[in-house]
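Chemist: Before anything else, here's the structure in question.
Read the figures in this text as sums done on the coordinates, not as results from a lab. Owing to the predicted nature of the structure, the values given are computational and were not obtained by experimental measurement. Cβ sites come from the backbone with ideal geometry, for glycine too, and all protein chains shown count toward neighbours.
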Amino acid sequence: MGYIELDVIDQPKRIVVGIDLGTTNSLAAVFEDGRPRVLHPEGQSGIVPSVVYVPAEGLPIVGANGKAHAVDDPKHTIFSIKRFMGRGLSDIEDDLSTLPYDVRETERGLVQIDLHGKTWTPQQLSSLIIGAVLEKVRVATGGAEVTGVVITVPAYFDDAQRHATRDAAKLAGVDVLRIVNEPTAASLAYGLDQKSEGTVAVFDLGGGTFDVSVLSIEDGVFQVLATNGDTRLGGDDIDRTLVDLARTELADQVPAETLTDPAFLQAARLAAEHCKIALSKDPEHEMHLSLPGLNWRRTVTRAEMESLARPLIDRALACCKRALADAELEVADIEEVVLVGGSTRMPLVRSAVQEFFGREPHTALDPDEVVALGAAIQAHVLTGGTRDILLMDVTPLSMGIETVGGAVAKMIERNSTIPCSHNEGFTTYAEGQTGINFNVVQGEREMAADCRSLGKFELKGIPPMPAGMPRVAVRFALDADGMLTVTAKEESTGALASIDIQPMHGLTDEEVETMLSAGFENAQEDFDRRRVVDLRTEIGTMMAAVEKNMAAAEDALDQETFEDLLAAMASGQAAQKSDDLKTVQSARDLLETASTPLAAVLMDSVVKQAVSGKKLDEV
Ligand code: AMP
């Protein structure tokens, strides 16, 4: 019997999504398998920076690639377009003086932006951002057709601003199921709609703005009782306090014009934000600024950062007070507190909010995702879905792998909603290393020995290469049932190894509790031990590099510099056996200073050989 061949045409999957169209970032989420999740293409973030670059010729560039033009062409790189949606010039007077581009008003009193002789409305620019978000959705879902979206807006958006948002989505060619308030979406993400009645405060501290909303819920219906906020208060202001600290301390060391130089300010802002974020995790961090002619290091403790940030947090709390007064409520009337926005990851923000409201805020979800997740739930419910099966599980303990020296590289943070996954690149430590042993651990402590080992496996077949050359991609994937799969793959050969683990297997609730409190109690001690291990690893790498070039060093360096280098190597060797943070730190610093002339000589010789006509590989 013969078979008839049929051409099967795959119908694209049809989905509805929730979109958080933010001032700085936008992203989309979908409700699937009983829970919402943010959509992102494999190995990429789902976040689209809300930035549009309009070149003189060619198509506008949206997102991270557009943002990259902020420095070279600020006049045509549009940030924060959300502030102008549905607004006239008189509404945005405060912003006008700081805008690098030309803004005009239409006959109907709405804002327009001139770019290369063409006028753009905020709706058009926003539609490009929505388009870029939908493109990520398309890639993430393997080409699903988006048949409708729920878009979120701040609770204080008026009718014109909501209309403008709806129009932006229409321009992007997508059907708007509903415009939803951001604080409502955040509350939905935490399942608060399932309370029969209650009062919720949503505290949203992002990079540039702060909003607080007081909502009431009755039988699943939300009502905004009051909103307050400050459009000029956010994480950027906290960064600025650290930039100011750097400027004050550098004032008598460098010329005044250096401190106002755009390159200095940009580097200082980045270092400040990096330091601030590190301090959300660690009790202290070394802020480091390195520019031609300037090398500044300064240890900042969390306590110091908190005293700098405190006045800013107090401003946010004053807004909360006003919102409560407007809603005619007392603090004690608030039953649930929800945190939104990246800056609510700061421990100070969490504790200040907890103290102010007298109750622990919800923090289990990623504060950058919570609005999109809620929007996805709303989209699901609007298209006839139910959320009875909504199950928001989180992993109670962090998971990671042991790295050189016994420190833990965390791959999945505790309280991550499952399913989830994380990828990170690793490399070898020893020359010619052909295998890597992985120890997968669980717990909150910094050293693997203090955590619980979940399993071990080995990646073999790495071709012998210099230390640091092989690229090994490690992936942790935790599925909805709590099963962890860890895979390690060496990129050049494709060598692969993996292990399946059931992390919660055999752990009682009490054991989880004990592991958690051990993490908190030992934070400072753990931090120091980890720092010692990291520094010793760094010393090892530096010493190996120096040893490789010892002959060149003896030839090219003057006697004194060479002897300094030998002395630094000796102290590096001694430090390898020390557990004292100060000793190891100073040995590392000494080695760095003493090896700088050698690095310069090596660079120089490479350059000289190159100009004298020799091929680089002959050097
Ligand atoms: P958003 O606008 O909600 O994306 O928030 C961005 C702000 O959150 C920026 O100022 C970031 O520096 C800040 N941020 C992100 N992660 C952290 C963290 N772990 N600790 C402190 N601030 C953070």
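Chemist: Just to confirm the filter: which trypsin sites (Lys or Arg not before Pro) across the stretch 18-120 are DSSP coil and have at most 10 other Cβ within 10 angstrom of their Cβ?
Modeler: Sparse-neighbourhood loop trypsin sites (Lys or Arg not before Pro): ARG108.
Chemist: Can you put HIS76, HIS380 in order, fewest other beta carbons within 10 Å first?
Modeler: Sorted ascending by nearby Cβ count, the order is HIS76, HIS380.
Chemist: Search the structure for amide H atoms under 5 Å from the amide H of ARG232, placed 1.01 Å from N in the peptide plane, and list their residues when 5 or more places away or on another chain.
Modeler: PHE210
Chemist: Mean residue ellipticity at 222 nm from the helices of the chain, using -39,500 (n - 2.57) per DSSP H segment of n ≥ 4 over the full residue count, to the nearest 500 deg cm²/dmol?
Modeler: -12000 deg cm²/dmol
Chemist: Only counting other Cβ atoms within 10 Å, I'd like TRP120, TRP296 sorted with the fewest neighbours first.
Modeler: Lowest count first: TRP296, TRP120.
Chemist: If you don't mind, there's one more thing I want to ask. Filter the cross-link list LYS136/LYS489; LYS281/LYS456; LYS195/LYS321 down to pairs whose alpha-carbon distance in this structure exceeds 29 Å.
Modeler: none
Chemist: Along each of the three principal axes of the Cα atoms of the stretch 76-202, give the extent in whole Å, ordering the values from largest to smallest.
Modeler: Per principal axis, max minus min of the Cα coordinates gives 51, 39, 24 Å.
Chemist: I would also like to ask the following. What aspartates and glutamates could a cross-link reach from LYS13, if we take a straight Cα to Cα line under 13 Å and drop same-chain neighbours fewer than 8 places away?
Modeler: Leaving aside aspartates and glutamates fewer than 8 places away in the same chain, those within reach of LYS13 are GLU32, GLU145.
Chemist: How much net charge surrounds ALA545 when only the other residues with a Cβ under 14 Å from the Cβ of ALA545 are counted, with Lys and Arg +1 and Asp and Glu -1?
Modeler: -2
Chemist: Provide, in order from the shortest bin, the percent of all Cα-Cα pairs of the stretch 523-611 in each 5 Å bin, continuing until the bin that contains the maximum pair distance.
Modeler: 2, 15, 24, 20, 14, 10, 7, 4, 2, 1, 0
Chemist: Once label points are set 7 Å from the Cα along Cα→Cβ at both LEU566 and SER290, what is their separation, rounded to one decimal in nm?
Modeler: It works out to 2.8 nm between the two label points.
Chemist: Using only the Cα atoms of the stretch 168-236, build the gyration tensor, take square roots of its eigenvalues as a ≥ b ≥ c, and label the shape rounded, prolate or oblate: rounded if a/c is under 1.5, else prolate if a/b is larger than b/c, else oblate.
Modeler: Note, shape of the stretch 168-236 comes out oblate.
Chemist: Determine which lysines satisfy two conditions relative to LYS75: a Cα distance under 17 Å, and not lying fewer than 8 residues away in the same chain.
Modeler: In chain and number order, the partners are LYS67, LYS118.
Chemist: Turning to a different aspect of this structure: Which percent of the Cα-Cα distances in the stretch 395-508 go past 16 Å?
Modeler: Across the stretch 395-508, Cα pairs with separations above 16 Å total 57 percent.
Chemist: Need one number: % antiparallel among DSSP beta bridges in the chain, to the nearest 5.
Modeler: The antiparallel fraction comes to roughly 80 percent.
Chemist: Convert 10 °C to kelvin, take the viscosity as 1.306 mPa s, use the Kirkwood radius over C-alpha pairs of the stretch 235-307 as Rh, and evaluate the Stokes-Einstein diffusion coefficient in µm²/s, rounded to a whole number.
Modeler: 129 µm²/s
Chemist: Among 217-223, 180-186, 321-327, how do they line up from the highest to the lowest mean number of other beta-carbon atoms within 10 Å?
Modeler: Packing proxy ranking, top to bottom: 180-186, 321-327, 217-223.
Chemist: With each label point set 7 Å from Cα along the Cα-Cβ vector, what nm distance links ALA256 and ARG471?
Modeler: 4.8 nm
Chemist: In percent, what relative contact order does the chain have, based on Cα pairs under 8 Å that are 6 or more apart in sequence?
Modeler: 10 percent
Chemist: Take the Cα gyration tensor of the stretch 454-503, multiply each eigenvalue by 5, square-root it, and list the three semi-axes largest first, rounded to whole angstrom.
Modeler: 25, 10, 8
Chemist: log₁₀ I(q)/I(0) of the chain at q = 0.09 Å⁻¹, via Debye over equal Cα point scatterers, no solvent, to two decimals?
Modeler: -0.90
Chemist: Further question on the same structure: Which order do the peptides 463-469, 169-175, 435-441 come out in when sorted by mean C-beta neighbours inside 10 angstrom, highest first?
Modeler: So the order, starting with the most tightly packed, is 435-441, 169-175, 463-469.
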